[in-house]
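Taking it in order: structure first as structure tokens, then the write-up.
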Amino acid sequence: MDLTVLNAVGQLIDTHIKTSKSLNSPVLNQHAPEIIAKELKLKEYFSSGFKQTSDLLHFVSVYLDHTNHLSNPNYMGHQVAVPQDLSGIPELIHGSINNPSSLYEMGPAGATCEGFMINWMLDKIGWLNGRDYYDFEFTTGLGSGFLTHGGSLANLSALAAARSVVAPNAWVEGNPNDLVVLGSASAHYSITRALSLLGLGKKAFYPVAVDKNEVILIEDLKKVYEQALNNGKRIMCVVANACATSSGLFDPLDAMGDFCQTNGLWFHVDGAHGASALVGVKSKKYVKGIEKADSVIWDAHKMMRVPSLCTAVLFKDFMHQANAFQQKGSYVFHDNNVIGMDSMPYTIECTKSALGTKLFWSFALEGERAIGDYVDSRFTLAKEFYDCLKQDEDFEVPYIPESNILCFRYLKHTDDDDFQKRLRYSLINQKEYYITSCVFNTKRYLRVVLINPDTTLTHLRSLKKAIKLEAIKLL
Ligand SMILES: *Cc1c(COP(=O)(O)O)cnc(C)c1O
């Protein structure tokens, strides 16, 4: 291994992060792909390779220029983790030795890190049942889980498990036509996408009405449930948002969990973004009742500073995980006793990367408490920004934030939806800020996700000023 090259690449990344952190480079300087392709010399390097180290370093340097600089404190865009400076090390190791962690034999250390972190996550939910984090054997009646590539795949996996309980024959026979899933009308699109992929069709999703903040109405859940029964349907599961992608608000997990328990329904919590509230001290209250779920998904690459992708699918009862896919591949599933554990039988993926290692690493770099404090601090900052905008009559802020996501609308001169979109685009093209926008309660809003640990209220006050200036330019 040429350590000089590695060192030089490290220098480039270090400079990139340092200039981003000190606001000395744009957050995002977008160019057309044709321009980037030429600057990266894709054709040249593809056909003849890097001829010398300087070519390789040129590529890395240009590549870093054409990125979204997440470590810039004015990065407030999508729900994508801002990693720690040394977060890349597990990926460097993985990329150098390539040990997929789905088969124990192919990567014992990675599989062990995954097992350990799954136990930690189960403990956070309250599903570890007093077992030690070093206990890697899952059995019926105990909590279990695995890591997979992203929340969308995780939701699909959990819904497949829910189906195997109401319709155990579906795996072989195909779907019965009476299965439905109830969930908030503001559920993430990966839920209905999963239903289509499972062959149930999008129409199997029975949306439950939401209030003006897009939070599920529990009375309506009862109504939709009765309706579904009257239509001769069987409820495959009930899905909760924890939290909703657009607003960052949490569905009432406790009440939904009680409802599901009373009626014997599978309760799935989509905690892609918000399950990380479990790590916080102040934030934990928002996921009260999460332990009443049968399955939970939890993205580590959103609020736990882990580079994408890394998502946990967690089950209250191992049996449900075990029965989700009733399939055997002779080369991977052992009938005899072997050392260690394979996650492969339970994942949609066959090969997968060493996800547990980078999840573990994020905690190992700073310690568990630091990640919890980070989550709390981002949630608190969103409230502070809410107060700041609330005092300014140029803005409408529709709700008190519960997480680190906040929607707001500039309405001094116009209440036009299209204006918000133009305003955002115009702002991000100034390259100093990166924010998003979304439709919330039928209207278009600007949206920030406060995920960078270095963002402060000062940056947000400046953002507010910058938005006002940009709006005047657009009029
Ligand atoms: C982000 C998100 C997802 C999708 O997760 P990916 O990891 O991006 O696939 C699903 N549900 C909710 C509520 C989310 O916020």
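The values are calculated or read from the model by the stated rules, or taken from the named source; none is laboratory data. Just so we're clear, the structure is a prediction, and the values are computed from it rather than from any experiment. Glycine also receives a Cβ, built like all others from the backbone with ideal geometry; neighbour counts cover every protein chain displayed. Calculation scope for accessible area: heavy atoms of the full protein, side chains included, ligands and nucleic acids excluded. Shrake-Rupley method; radii C 1.70, N 1.55, O 1.52, S 1.80 Å.
For segment 100-365, carbon and sulfur atoms together expose 53% of the accessible surface, with a 1.4 angstrom probe and every protein chain in place.
With a 1.4 Å probe and every protein chain kept in, tell me what percent of the accessible surface of segment 368-474 is carbon plus sulfur. Roughly 47 percent of what the probe reaches on segment 368-474 is carbon or sulfur. Once the 1.4 Å probe is applied to the protein heavy atoms, the chain comes out at 45 Å² accessible per residue. Here the alpha carbons of segment 73-138 define both size measures, Rg and Dmax, at 15.5, 44 Å. Annotation: segment 339-391 has a Kirkwood hydrodynamic radius of 14.6 angstrom, from the mean reciprocal C-alpha pair distance. Helical content of the chain, expressed as a calculated mean residue ellipticity at 222 nm, amounts to -13000 deg cm²/dmol (DSSP H runs of 4 or more residues, -39,500 (n - 2.57) each, divided by residue number, nearest 500).
Note on segment 100-365: with charges restricted to the Cβ of Lys and Arg (+1) and Asp and Glu (-1), its dipole about the Cα centre is near 600 debye. Loop exposure criterion: trypsin sites (Lys or Arg not before Pro), DSSP state outside H, G, I, E and B, at most 10 other Cβ atoms within 10 Å. Applied to the chain, the longest stretch between such sites is 52-211. For segment 369-434, the direction-averaged projected area of the alpha-carbon convex hull comes to 5.4 nm². Taking 19 Å as the straight-line reach from the Cα of residue 21, the aspartates and glutamates in range (excluding those fewer than 8 positions away in the same chain) are 65, 85, 366, 432, 454.
In whole angstrom, the chain maps to an equivalent ellipsoid with semi-axes of 36, 32, 20, each derived as √(5λ) from the alpha carbon gyration tensor and ordered largest first.
With 31 Å as the limit, the listed pairs 212/292; 233/443; 223/316; 233/383; 222/412 have 233/443; 233/383; 222/412 beyond it between alpha carbons. Over segment 368-474, Cα pairs under 8 Å with separation of 6+ residues give a relative contact order of 27 percent.
Does segment 100-365 come out rounded, prolate or oblate, given a ≥ b ≥ c as the square roots of the eigenvalues of its C-alpha gyration tensor, rounded meaning a/c under 1.5 and, failing that, prolate meaning a/b above b/c? It comes out oblate by the Cα gyration axes. Shown here are the Rg and Dmax of the Cα trace of segment 204-269, at 11.6, 34 Å.
For segment 35-128, the alpha-carbon coordinates run over 53, 39, 18 Å along the three principal axes, in decreasing order. Size of segment 169-278: Rg and Dmax of its alpha carbons, in Å, are 13.6, 42.
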